[in-house]
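Asks: Pasting a structure below so you can have a look.
The values are calculated or read from the model by the stated rules, or taken from the named source; none is laboratory data. Remember, predicted model here, so these are calculated numbers, not experimental data. Note that we place each Cβ from the backbone using ideal geometry, even for glycine, and neighbour counts take in every protein chain shown. For the accessible areas, the whole protein counts, side chains as well, though only heavy atoms, and no ligand, DNA or RNA atoms are used. Shrake-Rupley method; radii C 1.70, N 1.55, O 1.52, S 1.80 Å.
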Amino acid sequence: MQIQPGKHLKKIKYPADLKQVPEADLHLVCQDLRQYIIDTVSVYGGHFGASLGVVELTVALHYVFETPYDQLIWDVGHQAYGHKILTGRRDNFHTNRLYGGISGFPKRKESEYDAFGVGHSSTSISAGLGMAVGAKIANHDPKQIVAVIGDGAMTGGMAFEAMNHAGDIHSDLLIILNDNCMSIDPNVGALKDYLTDITTSQTYNKVKDEVWNVLGKFSKFGVNVQEIVSKIEGGLKSSLLKHSNLFESLNLRYFGPVDGHDVHHLTRILTDLKQIPGPKILHCITTKGKGFALAEKDQTLWHAPGKFDKITGQIHKKIFDKPQPPKYQDVFGHTLLELARLNPKIVGVTPAMPSGSSMNIMMKEMPERAFDVGIAEQHAVTFSAGMATQGLVPFCNIYSTFMQRAYDQVIHDVCLQDLQVVFCLDRAGFAGADGPTHHGAYDIAYMRCIPNMTIASPMNEEELRNLMYSAQFHKGPFTIRYPRGEGVMPNWQTKFEAIEIGKGRMVKSGTDVAIISIGHIGNLALQAANELEEEGVSVALFDARFAKPLDKNLLHDIFSTFDRVITIEDGCLMGGFGSAILEFAADHQYTSKIKRLGIPDEVVEHGEQMELYRDCGYDVAGIKTAVVGISEYIRV
Ligand SMILES: Cc1ncc(C[n+]2csc(CCOP(=O)(O)OP(=O)(O)O)c2C)c(N)n1
């Protein structure tokens, strides 16, 4: 279904069209753009509140700057829907996040207006600084580089590493801090309090207003703004601001706070800022979900609500006539609380994903034992390591894809010291519509090579519970990976039972081919094996449960019985679980034919998880084809 743009947006396909609009009418474009986002996301789903909050900023930026020559970097990129719509993708926007459609995040391959590919947070200032320096060294004509970063993303260490550098080398870079006091959940940390303080501090704002008044007065007369700012900085501003403003202390010129929903004011400020050299930051105050009352009210729910009725605000939920299996994340959340009630040493850590990981269940009952540390995966890991040295048992929940950030911390701070930290990696395997920046493809491969690490993955809810239960008694680092979405057991609240570390199990017996799977994907293998049985091919299925240590006894049994073996994992083939099985077979001189199914060595785009399994040959049909293929191969 093609969504119809309003009459002001209709005329705009590219920023060049936007520039034809009289400045006085920009708020009308904003109205239409906001409505277009509401109309489309309500029907097709996707991120919602963040894009609504930056409508005015998006319009002002494309109005003032010469994109794509001037470069605009959106941190995380979930707020860039307006940007996509104004940069040639309006008529394609209904394919956002769908298989074969446009990406939900800025992506260099998709558009020249997407200056930098994003999805993970806190990269925009580093990338922008690199662009500014690179453009200069490459002798490009002067260009403006703008990084838009949220207050949530600003809690990430990389943002500070980049500001520290920017303030030192004085490259031309405009940072726009989009401050809506929200991450996905309410933003946390001392920085959040600081931002609120500078927004409300009277002394500070008085000085700042004077700076702006002077600036405004002069720029109207066409006086060189750059000169004026230096003069003001030399006097009034610098002494007070430098000592009272965090950004000024880092040698970034600080402007604001300004109302991020006043498109006319924003346009004027951005025009002025274009003339000010060096690194500078414009602090914009916005409301996440702006213009859609329910989204303004419950900003966490409306971060990415799914499809909804735009009139009533009713979020569409599938209705089932029988109980459904829960999401793995909820099994994690409830189980963690259950375990924490029994074991006072258990603590929980999440980097900014309380609701996404369901850690919020424990946070609600035990706020003193469960921590949201901000978008700070590296810190989350080392903070957990620190608590482990005190004899606690931290369950540190990080999405598989975001754990990539904290790799050195896992090695250096946890594994080399053999500390007991339980890493629960959510969204392991294909993430679905969020696409390649979010697929949890690599964790088995990157964890497997680290000494002391144990890696397990449950095939169902009961296994997740039992792995979590067992991990609390294991003295050393322990990774449990599980996918996005639902499991298979509507009655999931099973009694805890210890699982022996490194012990796999047979799920189904058979004689022709052995499948060894790891994790939830084993359920598709089971379905394939059952169907094949009826078609006359006898397939045995083994649930390895552990990628490390491997169940050597089970593997010796399998390789001495079967000359055709298939491995299946929802993870990368290179270095993954199948590779571990190949290593085992080679090390023990087994000559069985082995076929590995998993994620190939390429960037797999976004789509429904099932569509991606299909493309990579490990949906039910793909598994059956692989079994038949390996059987025929032997016959030849
Ligand atoms: C490294 C990393 N960790 C976690 C996330 C998940 N995540 C996506 S958006 C978001 C909140 C960002 O907050 P903010 O920057 O303030 O933007 P807002 O949504 O409020 O506009 C988080 C935690 C991520 N994208 N990258």
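Asks: Just report the Cα centroid separation between the range 245-266 and the range 377-455, whole Å.
Replies: The range 245-266 and the range 377-455 have Cα centres separated by 36 Å.
Asks: Once every DSSP H run of n ≥ 4 in the chain is given -39500 (n - 2.57) and the sum is divided by its residues, what mean residue ellipticity at 222 nm do you get, rounded to the nearest 500 deg cm²/dmol?
Replies: So the helix-based figure for the chain works out to -11500 deg cm²/dmol.
Asks: Viscosity 0.890 mPa s, temperature 25 °C: what is the translational diffusion coefficient of the chain from Stokes-Einstein with a Kirkwood Rh over Cα pairs, rounded to a whole number of µm²/s?
Replies: The estimated diffusion coefficient comes to 93 µm²/s.
Asks: Label points 7 Å out from Cα along the Cβ direction at HIS27 and GLU534: separation in nm?
Replies: Result: 6.4 nm between the two label points.
Asks: While we're here: In whole percent, how big is the carbon plus sulfur part of the accessible area of the range 380-422, probe 1.4 Å, protein atoms only?
Replies: 56 percent
Asks: I'd like the distance separating the alpha-carbon centroids of the range 54-91 and the range 96-114, in whole Å.
Replies: 13 Å
Asks: Given an 8 Å cut-off on Cα distances and at least 6 residues of separation, report the relative contact order of the chain as a percent.
Replies: 11 percent
Asks: To the nearest 0.05, what FRET efficiency results for GLN275 and GLN390 with a Förster distance of 51 Å applied to their C-beta separation?
Replies: Calculated transfer efficiency: 0.40.
Asks: Assign unit charges at the C-beta atoms only (+1 for Lys and Arg, -1 for Asp and Glu), then state the dipole size of the chain relative to its Cα centre in Debye, rounded to the nearest 20.
Replies: Roughly 820 debye for the chain.
Asks: Just the accessible area for ASP512, please: 1.4 Å probe, Å², rounded to the nearest 10?
Replies: 50 Å²
Asks: Using the basic label-point model (7 angstrom from Cα toward the beta carbon), what is the ILE311 to HIS556 distance in nanometres?
Replies: 7.0 nm
Asks: Quick one: pull the percent of accessible area on the range 1-112 belonging to carbon and sulfur, 1.4 Å probe, ligands and nucleic acids left out.
Replies: 51 percent
Asks: Can you tell me the alpha carbon radius of gyration of the range 388-444 divided by the globular rule-of-thumb value 2.2 N^0.38 Å?
Replies: 1.24
Asks: Which order do the peptides 498-510, 560-572 take when ranked by the mean count of other beta-carbon atoms within 10 Å per residue, highest first?
Replies: Highest-to-lowest ranking by the protection proxy: 560-572, 498-510.
Asks: Calculate, for the chain, the solvent-accessible area per residue in square angstrom, rolling a 1.4 angstrom probe over the heavy atoms of the protein chains.
Replies: 41 Å²
Asks: If you don't mind, there's one more thing I want to ask. Where does each of GLU23, GLU463, GLU112, GLU632 land when they are ordered by accessible area, with a 1.4 Å probe and the largest first?
Replies: GLU112, GLU632, GLU23, GLU463
Asks: For the Cα atoms of the chain, what angle does the longest principal axis make with the long axis of helix 620-635, in degrees from 0 to 90, nearest 10?
Replies: 50 degrees
Asks: Moving on to the next point. Can you tell me the 0 to 90 degree angle between the C-alpha axis of helix 26-44 and the longest principal axis of the chain, rounded to 10?
Replies: 10 degrees
Asks: Now a separate question. For THR479, THR196, give me the order by solvent-accessible area with a 1.4 Å probe, most accessible first, ignoring ligands, DNA and RNA.
Replies: Output order, biggest surface exposure first: THR196, THR479.
Asks: Sticking with this structure for a sec: Note down the accessible area of TYR194, probe 1.4 Å, to the nearest 10 Å².
Replies: We get 50 Å² for TYR194.
Asks: Quick one: pull the percent of accessible area on the range 283-344 belonging to carbon and sulfur, 1.4 Å probe, ligands and nucleic acids left out.
Replies: Here carbon and sulfur together make up 54 percent of the probe-accessible area.
Asks: Oh, and also: If the viscosity is 1.002 mPa s and the temperature 20 °C, what translational diffusion coefficient in µm²/s does Stokes-Einstein give for the range 57-180 when Rh comes from Kirkwood over Cα pairs?
Replies: Reported coefficient: 145 µm²/s.
Asks: Please list, in order, the residues from the range 333-369 whose amide nitrogen is less than 11 Å from a point placed 7 Å along the Cα→Cβ vector of HIS412.
Replies: none
Asks: Using only Cα atoms, tell me the angle between helix 157-169 and the longest principal axis of the chain; keep it within 0 to 90° and round to the nearest 10.
Replies: 40 degrees
Asks: Heavy atoms only, probe 1.4 angstrom, no DNA, RNA or ligands counted: give me SER355, SER384 ranked by accessible area, highest first.
Replies: Listed by decreasing accessible area, they come as SER355, SER384.
Asks: In square angstrom, rounded to the nearest 10, how much accessible surface does MET182 have for a 1.4 Å probe?
Replies: Here the accessible area works out near 20 Å².
Asks: Restricting to the chain, compute how many DSSP beta bridges are antiparallel as a %, nearest 5.
Replies: Given both bridge residues lie in the chain, the antiparallel proportion sits at roughly 15 percent.
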